1. So which residues in the stretch 85-101 are open to solvent by 30 Å² or more (accessible area, probe 1.4 Å) and under 19 Å from residue 185 (Cβ atoms), if there are any at all?
2. If residue 69 meets every condition in (1) exposed (fewer than 14 other Cβ atoms within 10 Å of the Cβ); (2) touching a residue at least 40 places away in the same chain (Cβ under 8 Å); (3) not in a helix (DSSP H, G or I) apart from one, which number is that one?
3. Are any residues in the stretch 315-352 surrounded by fewer than 17 Cβ atoms within 10 Å (Cβ to Cβ), closer than 28 Å to residue 249 by Cβ and not small (Gly, Ala, Ser), and if so, which ones?
4. Looking only at residues that are in a loop (DSSP other than H, G, I, E, B) and within 13 Å of residue 106 (Cβ to Cβ) in the stretch 165-184, which one is nearest to the chain's Cα centre (by Cα)?
5. Can you name the residue in the stretch 255-289 that is open to solvent by less than 40 Å² (accessible area, probe 1.4 Å) and over 20 Å from residue 222 (Cα atoms) and is also nearest to the chain's Cα centre (by Cα) among such residues?
6. Could we say that residue 123 is open to solvent by 20 Å² or more (accessible area, probe 1.4 Å) and at pLDDT 95 or above here?
7. What number of residues in the stretch 310-362 are among the aliphatic types (A, V, I, L, M), assigned to a helix (DSSP H, G or I) and in contact (Cβ under 8 Å) with a residue 60 or more places away in the chain?
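The values are calculated or read from the model by the stated rules, or taken from the named source; none is laboratory data. Remember, predicted model here, so these are calculated numbers, not experimental data. Note: ideal-geometry Cβ built from the backbone for every residue, glycine included; neighbour counts use all protein chains shown. Accessible surface is based on the protein model in full, side chains and every heavy atom, while ligands, DNA and RNA are left aside. Shrake-Rupley method; radii C 1.70, N 1.55, O 1.52, S 1.80 Å.
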Amino acid sequence: MTAIWTDIAAPGGPVNEITAAQVLQGPSIPPQQRLLTYSPDQWEDFVHEWAHYCLKKQYKQVQRFSGAGDMGIDVVGFADAKHLKGAWDNYQCKHYDHALMPTDVWPEFGKVIWYSFKGEYAIPRHYYFVSPWGAGTKLSRLLGNATKLREDLIANWDKNVKSAITSTQDVLLDGALRDYVDAFNLSIFEAKTALQLVDDHRTTPIHAARFGGGLPPRPVAGKPPITVSSSESRYVTQLLGAYGEHTGVLIADPSHLPQPKLKEHFRRQREAFFEAESLRVFARDTVPPGTFESLQDDIYDGVIDTHDQNHADGFQKVSAVTKAARDMQITANALISCTNPKDRDGICHQLVNEERLQWTRS
């Protein structure tokens, strides 16, 4: 057969127009694929985040066991105050460069069976294998078939289990222990998939920091209540004082504002404050702690010089400072992609609430 030689044609171009982000960062990598590239240390960091932010919401207490004598326990979620003698779940978090095979985990089955048989702890309600690649096909089939799992576990006991449970003795499968294995509920064993782990992690405030991909859509802020709330008392008092300086009339209540312009201004400022408060809540749920406070610091640094200048009255001061906040160039904060001008006005009022700024001259 004669070989055929052909010229190499030009590769096809991108389907869509390339963006600046693609040039800087390359193609995006789905989080579940990124997990597969993790080193053991990176995997430990991820597991720590997942346990802290995701598991703690489900249990009375979450702890991690490590070192010699862990009895097959890794990350534990306690459902009651009895700890290992009560209701608990075990998460065995393993880092391998392949999907888990039965030979990887036979000793883990043996440890739970042996130490619960010995009375060291109650049988866990659930026992999850957690690894970047999840369970391979053979292990997944066994986990879904308790009868076959029991048969294979017994068949592999002498080769893969009896010498791996404890360093001080071989654990022989006979007598009372064999009866215990025959009756043991092997359906407690399950495996987490990478997609399940990522879906859990997606609900945490550090998901975007770890995997990128941008922040979720921001909910629409609610309108302020008709009555001024206690959380607004300081900045509202300061605003009324600023309006009083501007009009030369003492204003003790928003209903006494003498000019339509000031009434409209007051309405906008309250809306801005609640917009910024909604951003605070959004930040709490979607970005690492301190991100929103860092944005507040950026706004403060950008307006303080304007704040400290001489102004004809407090109303002029409010107008100048909030304009300075809106005109600022902020590029580094993770929240900047989902902020709007109202947020910046509202943050100024938050800073007044925190006594870092003030609207009146005295």
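1. 85, the sole residue that qualifies.
2. (2)
3. Hits for the stretch 315-352 are 316, 323.
4. Looking at the filtered set, the residue picked out is 165.
5. Selected residue: 287.
6. Taking the combined requirement at face value, the residue satisfies it.
7. 3
Here's the yes/no breakdown for (1) out of contact with any Pro (no Cβ under 8 Å at 6 or more places or on another chain); (2) part of a loop (DSSP other than H, G, I, E, B); (3) surrounded by 15 or more Cβ atoms within 10 Å (Cβ to Cβ):
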site	(1), (2), (3)
27	yes, yes, no
43	no, no, yes
47	yes, no, yes
50	yes, no, yes
